[in-house]
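Report on the following structure.
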Amino acid sequence: MAVSALSAGLKCRCPNCGEGRVFRGFLTFKERCDACGADLTVADAGDGPAFFVMFAALIF
């Protein structure tokens, strides 16, 4: 089953399988997918999530 990157991203699910969650906490990524074991550290956004939270707080 092909997983849409947009769909997986909006649901905060694994981009590989679409099942496992990618966040451990509010802004903390998991190292591996619980469902398929995919390595999620290759897509580490660094300060990306924090940027969007701060941006949304400033706009709204």
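The values are calculated or read from the model by the stated rules, or taken from the named source; none is laboratory data. Predicted model, so just to flag it, every value in this text is computed and none were measured. Note: ideal-geometry Cβ built from the backbone for every residue, glycine included; neighbour counts use all protein chains shown.
If the Cβ limit is 9 Å and pairs must be 6+ apart or interchain, which residue in the stretch 1-17 that is assigned to a loop (DSSP other than H, G, I, E, B) pairs with which residue that is at pLDDT below 85 and small (Gly, Ala, Ser)?
Going by the 9 Å Cβ cut-off, the qualifying pairs are Cys14/Ala8; Pro15/Ala5; Pro15/Ala8; Pro15/Gly9; Pro15/Ala43; Asn16/Ala8; Cys17/Ala8.
State whether one or more residues within the stretch 39-50 are out of contact with any Gly (no Cβ under 7 Å at 6 or more places or on another chain) and modelled with pLDDT of 90 or more.
Yes, the stretch 39-50 contains a residue that is out of contact with any Gly (no Cβ under 7 Å at 6 or more places or on another chain) and modelled with pLDDT of 90 or more.
Those residues that are modelled with pLDDT of 85 or more, loosely packed, with under 12 Cβ neighbours inside 10 Å and out of contact with any Asp or Glu (no Cβ under 9 Å at 6 or more places or on another chain), I need them from the stretch 19-36; list them, please.
Across the stretch 19-36, the qualifying residue is only Gly25.
May I ask you to verify whether Leu27 is of a type in the set (A, V, I, L, M, F, W, C) and out of contact with any Phe, Trp or Tyr (no Cβ under 9 Å at 6 or more places or on another chain)?
On the way: of a type in the set (A, V, I, L, M, F, W, C): yes; out of contact with any Phe, Trp or Tyr (no Cβ under 9 Å at 6 or more places or on another chain): yes.
Here the answer is yes, as Leu27 does meet what is asked.
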